[in-house]
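Engineer: This structure is in structure tokens; I'll ask about it shortly.
Derivation of every value follows stated rules applied to the coordinates shown; laboratory data play no part. Values in this document were obtained by computation on a predicted structure and should not be read as measured data. Neighbour counts are summed over all protein chains in view; Cβ atoms, including those assigned to glycine, are modelled from backbone coordinates with ideal geometry.
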Amino acid sequence: MTDSRGREAELLRLERQYSSWGDTVHYLDPPKFFERAEGNYLYDREGTPYLDLQMWYSAASFGYANRRLNDALVGQLNRLPQLASQYLHRERVELAAAIGRLNASKFGAEGRVHFNVGGSQAIEDSLKIVRNATGKTLVFAFMGGYHGRTLAASAITSSYRYRRRYGHFADRAHFVPFPYCFRCPYDKKKEDCGMYCLQQFEKNFDTEYNSFWDPKAGESEFAAFYVEPVQGTGGYVIPPRDYFPGLKRILDERHILMVDDEIQMGFFRAGKLWSIENFGVSPDIVVFGKALTNGLNPLSGIWAREDLISPDVFPPGSTHSTFSSNTLGTAVALEVMHLVAERDYEAITTQKGAYFLTQLQALQRRFPRVIGDVDGLGLALRVEICGPDGHTPDRALTDRMFAAGLGGDLDAHGRSMGLVLDVGGYHKNTFTLAPAFDITHEEIDLAVELLEQLIRRCAPDRV
Ligand SMILES: Cc1ncc(COP(=O)(O)O)c(C=O)c1O
């Protein structure tokens, strides 16, 4: 044990000296090492389990070391581990066809699919499709939205902190308030607001002098609206059911495309294959990644309507990347598609999510001076940590609870355990819970018990 502790200390010294940290943030000092992952759990060097309610930001939704998906990867590794993307392999074609067919049935539109390696890259691809189809560069996106960290993805991600150091972003999105009803940007009440936020957005098109619209030409300067139907990094914010249908109508009437970023919420995180399905809206473009391969070999992708992406209008090679349709990623992703065709993940995530939400609501009732808001859609759940007034964001307490969860010394019925949480939200005071889909009711109960221990430990004066 002392030996492994010594090795870890040496690794930390090396990491401090040689890693740039440009690709990571250490939320804990010192940062945490893990040795093993299985199912819903990460394990540290002492073998202590950590119940994971983050699952790699929803990339590993089907569970760590999922046997069936790992086997698909190993099978491909032994058969066709590498292949230049100018050649075809079966899995790539079947995967595109599976997603294309599903979307045709869901959205009533034929379309095509292509692949890339990460979410941000697929977002970049979608921006090219939008620009190519419209000849315009300006887009709308939401405040609190997150679309990635490459240059173009940063331009449509709301946080200024991500752009601050990199000069002028000429194609920076116009950011629109998201219907975040617990903290309404217009200080309205959900019960009687009459969807004021949508009305305000539509007003932009009232006259040419509002700078968005030329009524004579019947044309907007804006090409598309980038949406996360349920905000991910923004804090698992769930909009009212009729917001997106209203938004789509406004966009359709102005010939503005809707690009649906499903990178975090796609693949049943929010109870449906695509989270937008919860709102009965058909987007023009869908971007996906993360759980597509259960976090195994990187793969992301984009689906667009035929008229936007057909090779006749979007020339071959427009978004080529060496690793874009890699054999390992496409093999796992195809197995994911088979898995979701066989098991009813809509029912699984909806039913378990409803149970989890009920338990969280009870937790909020027990600790109203700590938890300001809980909500959930499918297995995307949020717990907003607030001051005693139930509303003022309490980031310091959120950070303490996050760190204590990673201490690994909570009591799971006599056994030491840790809790892996993810902190998100506009005020960094929200636990965004994304448990594995195989989580059991007993583990949901355990998760809530561990959260309660964290509250009692970190906010003893408020319990
Ligand atoms: C909604 C959303 N879009 C885009 C991205 C960027 O994806 P990647 O980190 O794979 O580049 C993320 C990543 O968290 C995301 O949650």
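Engineer: Does anything in region 340-369 have its amide N under 12 Å from the 7 Å Cα→Cβ label point of L102, and if so which residues?
Structural biologist: 340-346
Engineer: Taking the simple approach of a point 7 Å from Cα along Cα-to-Cβ for both K188 and N70, what is their distance in nm?
Structural biologist: If labels sit at K188 and N70, their model points lie 5.0 nm apart.
Engineer: Taking 51 Å as R0, compute the FRET efficiency from the Cβ-Cβ separation of A84 and S416 and round it to 0.05.
Structural biologist: For R0 = 51 Å, the calculated efficiency reads 0.55.
Engineer: Then there's this: If each of L77 and K216 carries a label point 7 Å out from its Cα toward its Cβ, how far apart are those two points in nm?
Structural biologist: About 6.5 nm, to one decimal.
Engineer: List the relative contact order of region 145-276 as a percent without decimals, with contacts defined as Cα pairs under 8 Å and 6+ residues apart.
Structural biologist: On the way: 146 pairs, mean separation 26.8, N = 132.
Once divided by the residue count of region 145-276, the mean separation gives 20 percent.
Engineer: Can I ask one more? Within a Cβ distance under 12 Å of A152, other residues only, what is the Lys/Arg minus Asp/Glu net charge?
Structural biologist: Details: positive: K128, R131, R149, R163, R172; negative: E124, D125, D171.
My count for the surroundings of A152 gives +2.
Engineer: Using the crude model of +1 on Lys and Arg Cβ and -1 on Asp and Glu Cβ, and no other charge, please compute the dipole size for region 91-141 relative to its Cα centre, in debye to 20. If you can, show how the numbers build up before the last one.
Structural biologist: Numbers: 7 positive and 5 negative charges, 39 e Å.
Dipole about the Cα centre, nearest 20: 180 debye.
Engineer: Could you tell me, in Å, what Rg and Dmax come out for the Cα atoms of region 335-430?
Structural biologist: 15.9, 48
Engineer: For the chain, what is the relative contact order in percent, using Cα pairs closer than 8 Å and at least 6 residues apart in sequence?
Structural biologist: Dividing the mean separation by the residue count of the chain yields 21 percent.
Engineer: Region 63-122: which GluC sites (Glu not before Pro) are DSSP loop and have at most 11 other beta-carbon atoms within 10 angstrom?
Structural biologist: Values: sites: E91, E94, E110; in loops: E110.
Counting only loop positions with at most 11 other Cβ atoms within 10 Å, none of the GluC sites (Glu not before Pro) in region 63-122 qualifies.
Engineer: Please name whichever of A141, M265, A403 sits farthest to the positive end of the charge dipole of the chain, dipole taken about the Cα centre and charges placed at Cβ: Lys and Arg +1, Asp and Glu -1.
Structural biologist: Most positive-ward Cα: A403.
Engineer: If you average the C-alpha positions of region 384-463 and of region 151-198 separately, how far apart do those two centres end up, in angstrom?
Structural biologist: 27 Å
Engineer: May I pose another question? Compute the convex hull volume of the Cα atoms of region 103-170, divide it by the residue count, and report the result per residue in Å³ as a whole number.
Structural biologist: 116 Å³
Engineer: Going by average Cβ density within 10 Å per residue, which order do the peptides 285-295, 439-449 take, highest to lowest? Show your work: numbers first, answer last.
Structural biologist: Details: 285-295: 27.5, 439-449: 17.0.
Packing proxy ranking, top to bottom: 285-295, 439-449.
Engineer: If you wrap a convex hull around the Cα atoms of the chain, how much volume per residue is inside, in Å³?
Structural biologist: Convex hull volume per residue, Cα atoms: 160 Å³.
Engineer: Tell me the label-point distance for the pair A347, R365, using the 7 Å Cα-to-Cβ offset, in nm and rounded to one decimal.
Structural biologist: 2.9 nm
Engineer: Taking the Cα atoms of region 46-146, what is the range of coordinates along each of the three principal axes, in descending order and whole Å?
Structural biologist: 56, 39, 29
Engineer: Let me ask another. Which pairs in the list K136/K216; K188/K290; K106/K290; K136/K248 are over 27 Å apart, alpha-carbon to alpha-carbon?
Structural biologist: Long pairs (Cα-Cα over 27 Å): K188/K290.
Engineer: Quickly estimate the mean residue ellipticity at 222 nm for the chain, helices only: each DSSP H run with n ≥ 4 gives -39500 (n - 2.57), and the total goes over all residues, rounded to 500.
Structural biologist: -11000 deg cm²/dmol
Engineer: Continuing with this model, one more query. Of the listed peptides 17-23, 403-409, what is their order by residue-averaged count of other C-beta atoms within 10 Å, with the highest listed first? Can you show the working numbers first?
Structural biologist: On the way: 17-23: 7.9, 403-409: 17.6.
Averaged packing, sorted descending, gives the order 403-409, 17-23.
Engineer: Using every pair of alpha-carbon atoms in region 190-243, split the distances into 5 Å bins beginning at 0 and state the percent of pairs per bin, rounded to integers.
Structural biologist: 4, 15, 19, 20, 17, 15, 8, 2, 0
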